[in-house]
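The values are calculated or read from the model by the stated rules, or taken from the named source; none is laboratory data. These numbers come from a predicted model, not from an experiment. So basically every Cβ, Gly included, is an ideal-geometry build from the backbone, and we count neighbours across all protein chains shown. Surface areas here come from the heavy atoms of the whole protein model, side chains and all, with no ligands, DNA or RNA. Shrake-Rupley method; radii C 1.70, N 1.55, O 1.52, S 1.80 Å.
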Amino acid sequence: MIGAFRVLNRHMRVFLRTWRHNLMFNVVEPLLYLSAMGFGLGAFVQEINGMSYIQFIAPGMVALSAMYSATFECTYGTFVRLHYEKTFQAMLATPITVRDVVLGEVLYGTIKSVMFGTVILGVVTALGQIKSAYALAIPLLLVIHGLVFSAMALCYTSLTQSIDYLNYYITLVILPFFLFGGLYFPVSALPQWVQLVNWANPLYHTVEVCRALALGQLSLPLIYHVIVLMAMGCVLLPIPLKLMEKRLLS
């Protein structure tokens, strides 16, 4: 595990030199969605479950930013380090193991997820869209959220042979999560079978919990959402360890 933190330390030092570029994509895009959908479309949408439309979507933007941060870091970022820069191969020439490399990537993706999700949380709080002190627990939730999306992205990145193929993951996996994750409309509006399938959508679970914490509407079903997220993390994490080991050592 010490080796994983050394990998993380290396990534964080690089991040400190490029944080402005990271900030532009991971923070500005969710804010654009919030502005266009919240203030634009929100002017024509009636209240949803007793809240204004911008108040409904604001917590989802926190989860969206966190998802994007982990996903793009552990797809494009990881692939560049693996295929073009040969960073992983250089690390393996030292006492660092494949397990250290993968765990370091997951930790880095998770930290970026929490970091940029928290930035958006601060922005929507400043806009007056957070109504409860329970929202202080959202960054803790983003730790699980970031781990799930980091591990999931690494599973695909470990298998792909071309950076162009990463587009398939973004379009066929992340985009459906985004569209049906309950960010812009209640999932209860979907057909029953879609609601059941949506339980396999980690973004949906995070959005539901973030919204409840932001509004102070705590209930027992929230525990189920957290348990599902934790289960996803436990199931997914070992997979990239095996896949990356096969790729780097074969």
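A few notes on this one:
- Result for the chain in a Gaussian network model with C-alpha springs under 10 Å: among LEU147, LEU229, LEU23, the largest mean-square fluctuation is at LEU23.
- Taking all protein chains together, ASP164, ASP100 sort by accessible area into ASP164, ASP100, largest first [probe 1.4 Å].
- The chain, accessible area per residue, ligands and nucleic acids excluded (1.4 Å, Å²): 47
- Computed extension length for VAL235-ARG99: 47.4 nm, one decimal, from 0.36 nm per residue of separation with the Cα-Cα distance subtracted.
- Three-way shape label, segment 83-193, alpha-carbon gyration tensor, a/c 1.5: oblate
- Fluctuation leader among LEU34, LEU64, LEU136 - the chain, Gaussian network, Cα springs under 10 angstrom: LEU136
- For the chain, the carbon plus sulfur part of the accessible surface works out to 69%, probe radius 1.4 Å.
- Charge tally in the Cβ shell below 14 Å around LEU183, where Lys, Arg are +1 and Asp, Glu are -1, LEU183 excluded: -1
- P(r), alpha carbons of segment 190-250 - 10 Å bins starting at zero, rounded %: 19, 36, 25, 14, 6, 0
- Proportion of all alpha-carbon pairs of segment 1-122 beyond 19 Å (%): 54
- Overall Cα dimensions of segment 100-159, principal axis frame, Å, largest first: 43, 16, 13
- Candidates ASN201, ASN167, ASN49: whichever shows maximal mean-square fluctuation once the chain is modelled as a Gaussian network with Cα springs under 10 Å: ASN49
- Using Cβ point charges alone (K and R +1, D and E -1), the dipole size of segment 129-250 about the Cα centre works out to roughly 100 debye.
- Part-to-part distance (alpha-carbon centres) for segment 154-176 and segment 66-130, which is given in Å: 16
- Approximate spin-label separation GLN46-TYR84, in nm, with each point projected 7 Å along Cα-to-Cβ: 5.1
- Each residue of segment 29-82 gets 65 Å³ once the volume of the Cα convex hull is shared out per residue.
- In the chain, the alpha-carbon atoms span a convex hull of 129 Å³ per residue.
- Estimated purely from DSSP H runs of n ≥ 4, each contributing -39500 (n - 2.57), the mean residue ellipticity at 222 nm for the chain is -22000 deg cm²/dmol once divided by its residues.
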